[in-house]
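Working notes, structure below.
Read-outs: derived from the displayed coordinates by stated rules, not from any lab. Since we're looking at a predicted model, the values are computed, not measured. Cβ placement follows ideal geometry from the backbone for every residue including glycine, while neighbour counts extend to all protein chains displayed.
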Ligand code: FAD
């Protein structure tokens, strides 16, 4: 039987539903909870507020799965504009970018080369500002191409980060390969609906895989980025950091904008490096649906807001 998560993620790919949801005024309220705003200025306002609370950021200009090279080039331009906007804030590595290669044309014919060509100047500009770029991870079919792009970028820009999804069986090998000095890896559970041939489907199995991968990263020589809101995983990361004698500046916790915000500030005040993933832009639909699919309570919150009164 299909889970409600699978149904929601599948339904989200239907253009008619997309048009209906995007057009609803109430959708706005739900979007505002998870997205910093539609403009770069909105995002920079959120960055300043988080920085004042001791929370670093990774900015995400929303967009994914572009269908033509011109739109892919606009993704590059938006990222370059974001870096220009960040420059006067002088936050250095405390404000980096996250990018989805599908927004840079990865899925187009010849897209692997195109996305590398378009993302390279973004990574170069980030390096010039003393900060980094992390490549988000999308559907399992894109992992090999994304890791090849990462390897190409790391030849010139070794600080470029990657995301690995604990739900995928292959990730056990991928974390081992990237638990090396200089590698920055954000470990997440995985937000995409994957077939049982490639991924754990049971939540307990995903959690167990996450804990195992976290152990490998924390024991290894790289810079682990613990991308989770799960209090058990954050506690485990802190225990492992103490056990392996990791300095406070040798790993970090990352959470999404609008989710467990008070905990982000609390952890930062307790001396843990914390970074919020701050999405902004008009193309928020895919991002929103993944947040709703992750948590039944979010879906209920959304459905309740559709009922007037
Ligand atoms: P869960 O077990 O799902 O949640 C634990 C607790 O966290 C919940 O009980 C709840 O209190 C809170 N919580 C979790 N999700 C939500 C939510 N949506 N709304 C409200 N509360 C919530 N996935 C990818 O596939 N690719 C990526 O590149 C990627 N990048 C990410 C970057 C960051 C910084 C983070 C934090 C997540 C990212 N994800 C990415 C999403 C990730 O894969 C999970 O889907 C998501 O983080 C939920 O898993 P969890 O570890 O927070 O634990």
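Cβ crowding within 10 Å ranks 140, 75 as 140, 75, fewest other Cβ atoms first. For the pair residue 38 and residue 170, label points projected 7 Å from Cα toward Cβ lie 3.8 nm apart. Extension gain for residue 87-residue 144 works out to 17.3 nm (0.36 nm per residue, less the C-alpha to C-alpha distance). Take 288-296, 190-198, 12-20 and order them by the average number of nearby Cβ atoms within 10 Å per residue, most first; the result is 288-296, 190-198, 12-20.
What list do you get for 138, 64 if you sort them by fewest beta carbons within 10 Å? Could you put the intermediate results ahead of the total?
Values: 138 23, 64 19.
Ranked by crowding around the Cβ, least crowded first: 64, 138.
Only helical runs count toward this figure. For the chain, summing -39,500 (n - 2.57) over DSSP H runs of n ≥ 4 and dividing by all residues gives -16000 deg cm²/dmol at 222 nm. Once you have a ≥ b ≥ c as the square roots of the Cα gyration tensor eigenvalues for region 163-265, tell me rounded if a/c is under 1.5, and otherwise prolate or oblate according to whether a/b is larger than b/c. Because a/c hits 1.5 or more and a/b fails to exceed b/c, region 163-265 counts as oblate.
Taking every DSSP bridge with both residues inside the chain, close to 5 percent are antiparallel. Translational diffusion of region 80-201, estimated by Stokes-Einstein from the Kirkwood radius over alpha carbon pairs at 37 °C in a medium of 0.692 mPa s, is 219 µm² per second.
For region 1-140, what class follows from the C-alpha gyration tensor (a ≥ b ≥ c being the square roots of its eigenvalues): rounded when a/c is under 1.5, otherwise prolate if a/b is larger than b/c, else oblate? Don't skip to the end; give the middle numbers.
On the way: a/c = 2.03, a/b = 1.26, b/c = 1.61.
Oblate is the answer for region 1-140, as a/c is 1.5 or above yet b/c matches or exceeds a/b.
Where does the chain land on the Kirkwood hydrodynamic radius, alpha-carbon pairs, in angstrom? It works out to 19.7 Å. Modelled this way, with points 7 Å down the Cα-to-C-beta line, the labels at residue 127 and residue 198 are 3.0 nm from one another.
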